[in-house]
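Asks: Below: one structure in structure tokens.
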Amino acid sequence: MKKFLLILCCLFVAIYVAKLFIPNNVPSDISEIYDYCKENGYSTEYCFLTDFSKPSGIKRFYIYSFKENKIIDKSLCAHGLGRNYNIFKTTFSNEIGSYYSSLGKYKVGKLRAMNNPNILFKEGYNLFGLDSTNSNALERGILIHKGNPEFETFPLPCLPVSKGCFAVSDSMMEQIEVIKKQSNKPILLYAYN
């Protein structure tokens, strides 16, 4: 039992140290994302980015400021487990009922209340898929919503994970709400790998 606890402690320390050295990767096509926003009537102040190349235990959901040309806030973000419930491997699909996350550009819609009293979160932002890789997002019920209350500090893969939604921290949801209220244009979310 002592050996197991020692290994577990070493694992936590290794994960914490690894987090210190993983950079925030803004996608290489960020100028194209800005151009898309400008040409299609989206906010040219902010966009939301999700870097699915990072493990879910690393902050990978970003608020990006086009004006400052940098990430101004970040959060853990769960990914869809799919039917196989794989926490460690991120797989993508646009298929209805797949329970996987999808890549591409999304229009962030309005905040809506959830009808199911048995779920962890009570509201979420509708997402409208703008690419062939995520065109079923609305029909699939893909949202940005609050995740596990431990999302602020949880060092391992985000639990509970989602069925394809972008589950983020409470503080990130508050930031999203502020940005949405300030903007007179829709906000773009871009998920990449």
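Asks: Counting only residues that are open to solvent by less than 70 Å² (accessible area, probe 1.4 Å) and modelled with pLDDT of 95 or more, how many does region 99-116 have?
Replies: Final tally of qualifying residues: 7.
One line per residue, one yes/no per condition, for (1) of a type outside the set (D, E, K, R); (2) over 18 Å from the mean Cα position of the chain (by Cα):
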site	(1), (2)
K38	no, yes
L49	yes, no
R60	no, no
I71	yes, no
Y106	yes, no
G109	yes, no
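Asks: So, in region 40-64, how many residues would count as being farther than 19 Å from G104 by Cα and not in a loop (DSSP other than H, G, I, E, B)?
Replies: Residues flagged as farther than 19 Å from G104 by Cα and not in a loop (DSSP other than H, G, I, E, B) within region 40-64 amount to 0.
Asks: Identify the residue in region 86-98 that is without any contact (Cβ under 8 Å) to a residue 60 or more places away in the chain and open to solvent by 70 Å² or more (accessible area, probe 1.4 Å) and, among all such residues, is nearest to the chain's Cα centre (by Cα).
Replies: Here the residue is K89.
The values are calculated or read from the model by the stated rules, or taken from the named source; none is laboratory data. Since the structure is predicted, the reported quantities are computational estimates derived from the model, not experimental observations. With ideal geometry, Cβ positions are generated from the backbone for all residues, glycine too; neighbour counts draw on all protein chains shown. In case anyone asks, the SASA skips ligands and DNA or RNA and just uses the protein heavy atoms, side chains included. Shrake-Rupley method; radii C 1.70, N 1.55, O 1.52, S 1.80 Å.
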